[in-house]
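Below is one structure; the comments refer to it alone.
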Amino acid sequence: MAEETQISRRVAELLLEAQAIKLSPDKPFQWSSGWLSPIYCDNRVALSYPDTRTFIKKALADLIRSEYPDVDAIVGVATGGIAQGALVADILELPFAYVRPEPKKHGMANQIEGRLEKGQSVVIVEDLISTGGSSLKVVDVLRNAGIEVAGMVAIFTYDFQLAANNFEEKDVSLSVLSNYNALIASALEHEYITMEQVESLSQWRVQPDIWGK
């Protein structure tokens, strides 16, 4: 557990340093869902920083080795999980594929890009878990194609209860490198936020749909 906490905090620090995660509780962002949010997360930014990219890909690979040691392939979620998934698959020397949000509208009309066989066991790589809705659609696509989903790994999760419920309903195991609590602790330690802002940030995680309204 101590090692997991150390990794969670380090990943949070790296994402904050790269400005892949931005915290703005006083001037919130607005998501496409209409939710107001004190946090904006784009983990693709981390790919532009070699040291951060290397730490994350190795941590994800270690997580898969630990939690899902017998998988046959790695699958990325378009678009944020494609690069991360390919990097991890390379470390693990496993086949890689990715899943589009919807089938291609021309050519072979593929939704799964790459070669997977029925009965293979895969781990899905995602960059961010919010409600889990779009990530879990990938599970449906793979299962409908006869692929066994061993679980999903992600760089960061907001830790919404709604996401936990959605993953439980789909019977999908989720393992993450870092989470909202680790982020807030790291942001406070490095003075990205003040103690006065912590309460508001904590309230958002519990009730994101009504926060700020």
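The values are calculated or read from the model by the stated rules, or taken from the named source; none is laboratory data. Keep in mind that this is a model prediction, so the values were computed, not measured. Methodologically, a virtual Cβ is constructed for each residue, glycine included, from the backbone with ideal geometry; neighbour enumeration extends over all protein chains shown. Areas reflect the complete protein model, heavy atoms only, side chains present, ligands, DNA and RNA absent. Shrake-Rupley method; radii C 1.70, N 1.55, O 1.52, S 1.80 Å.
Quick rundown of the values:
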read-out	value
Convex hull volume per residue for the range 39-109, taking Cα atoms only, in Å³	130
Lys/Arg +1, Asp/Glu -1 at C-beta; the range 57-213 dipole; positive extreme among Ala145, Gln207, Gln197	Ala145
P(r) histogram, all alpha-carbon pairs of the range 107-174 included - 10 Å bins from 0, percent	20, 52, 24, 4
Unit Cα scatterers, Debye sum, the range 64-155: log10 I(q)/I(0) for q = 0.12 Å⁻¹	-0.31
Globularity index of the range 128-210, i.e. its alpha-carbon radius of gyration over 2.2 N^0.38 Å	1.29
Mean accessible surface per residue for the range 1-63, computed with a 1.4 Å probe while every protein chain stays in place, in Å²	56
Burial order of peptide ranges 80-86, 171-177, 23-29 (average beta-carbon count within 10 Å, highest first)	80-86, 171-177, 23-29
FRET E, pair Glu196, Ile91, Förster distance 45 Å, beta-carbon r, rounded to 0.05	0.60
Rh (Kirkwood; distinct C-alpha pairs) - the chain, Å	17.7
Nitroxide proxy distance, nm - points 7 Å out along Cα→Cβ at Ala109 and Phe29	3.6
At least 15 Å along the helix axis (C-alpha) and Kyte average at least 0.0, DSSP helices within the chain	80-92, 133-144
Kirkwood-based Rg to Rh ratio, the range 1-92, C-alpha trace	1.02
Test item: Cα-centred dipole of the range 83-186, Lys/Arg +1 and Asp/Glu -1 on Cβ, debye	360
